Amino acid sequence: FPVTIEGVGPHTSLASLPHPPKAFVLEDREWYRFFLREWLEGKRGHQVSFFDSADAMEENGETRDVELLAAHLLPSRMHFKRDRKFNRHGHAVYGDGLDAPTILWCRKSGVAGILDLRDGIEAWDRCLDGLQNGETTETPAVRQALNHGNGKGVLRLSRRENEVARMLVKGFSAKQVA
């Protein structure tokens with residue numbers, strides 16, 4: 001699968017590289033780990049390491065080509081600033097049905113790629129290719145969520161406020177939300 005990697009020509013196959021690109025993934029759900037391993041190792045040729053927490057990921061001093069972070073495990077904004085010396089191509093956040101406040105928080109934090117699980121694998125491939133080429137990317141569902149959120153008042157809420165409002169609408173009690 002042709003991918004452009006720093007210092008390598010645009011039509012170089014990952015299989016011909018001396019070392020496979022490394023992907024660090026922040027994910028605690030087994031099914032998603034299986035899917036991401038199949039996609040990253042099987043289709044894209046990455047060496048994948050999984051982490052359950054941002055702290056564990058930060059403690060690992062290895063250089064990596066990309067980080068994929070589950071939206072429900074997002075670390076603080078400082079993670080994206082501190083981690084640049086180890087991360088060659090940037091961070092990508094993924095989730096299912098990302099909302100406008102979360103997307104905007106990611107952008108303000110310096111996340112270079114935002115991926116929605118509702119999009120197909122082709123959209124994810126395009127985004128990861130763009131990320132590895134130094135571009136800021138997002139999948140179509142992310143753009144749609146931003147367009148849908150504009151003018152609806154949700155952009156005025158912080159990420160946490162939006163999460164609380166969503167839980168209350170789903171029927172959680174104030175005690176459960178707290």
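The values are calculated or read from the model by the stated rules, or taken from the named source; none is laboratory data. None of these values were measured; they are calculated from a predicted model. Just the protein is used for accessible areas: all its heavy atoms, side chains included, with ligands, DNA and RNA removed. Shrake-Rupley method; radii C 1.70, N 1.55, O 1.52, S 1.80 Å.
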Rounded to the nearest 10 Å², what accessible area does residue 103 have for a 1.4 Å probe in the complete protein model?
0
Run the 1.4 Å probe and let me know the accessible area of residue 33, rounded to the nearest 10 Å².
40
Added length on full extension, which subtracts the Cα-Cα distance from 0.36 nm per residue, residue 165 to residue 121:
12.7 nm
Report the extension gain between residue 56 and residue 172 in nm, rounded to one decimal, defined as 0.36 nm multiplied by the number of residues separating them, less their alpha carbon distance.
38.6 nm
